[in-house]
Amino acid sequence: MDRYDAVIAGAGAAGLSVATCAAAMGAYVVLIDRTDGSSSDFSTSGGGVAAAGTAFQEAAGVVDSAAIWIEDIRRKTENSFEPSITVARVGAKRGPLIWTAAPECSHV
């Protein structure tokens with residue numbers, strides 16, 4: 001039986017980021033997902049991660065926030081979106097960036 005240092009559930013942006021960082025730090029990692037990955041955040045976004053109000057933006061002098069991002073979505077979709085889902089997703093998007101910003105993962 002295999003033993004793992006980390007078992008990551010979910011191959012979305014956060015799961016892939018955490019699994020990559022842990023493996024880069026030497027952990028023996030298994031990443032599991034309930035799908036084949038074809039509908040993950042990364043596959044549908046082309047591999048990019050979008051987030052608002054991050055430390056990276058602040059350091060670069062970019063003024064941004066979840067509220068600005070939501071207003072941008074509202075404008076671009078002509079108010080054709082589900083606000084409760086959008087607010088939840090926009091608020092959750094900074095997680096993967098925090099993991100990849102760890103000094104131990106800066107080379108990943």
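The values are calculated or read from the model by the stated rules, or taken from the named source; none is laboratory data. The model shown is predicted, which means the values in this text are computed figures rather than measured ones. Counting neighbours? That spans all protein chains shown, and the Cβs are built from the backbone with ideal geometry, glycine included.
A few remarks follow.
- Hits in the stretch 3-23 (condition: modelled with pLDDT under 80 and not in a helix (DSSP H, G or I)): Gly12
- Some residue of the stretch 34-48 being at pLDDT 85 or above and not aromatic (Phe, Trp, Tyr): yes
- Boolean, Val62 is closer than 24 Å to Ala11 by Cα and modelled with pLDDT of 75 or more: no
- Of all residues in the stretch 11-30, those satisfying the criterion of being out of contact with any Pro (no Cβ under 9 Å at 6 or more places or on another chain) and free of Cβ contacts under 8 Å to residues at least 24 places away in the same chain are Ala19, Ala22, Ala23, Gly26, Ala27.
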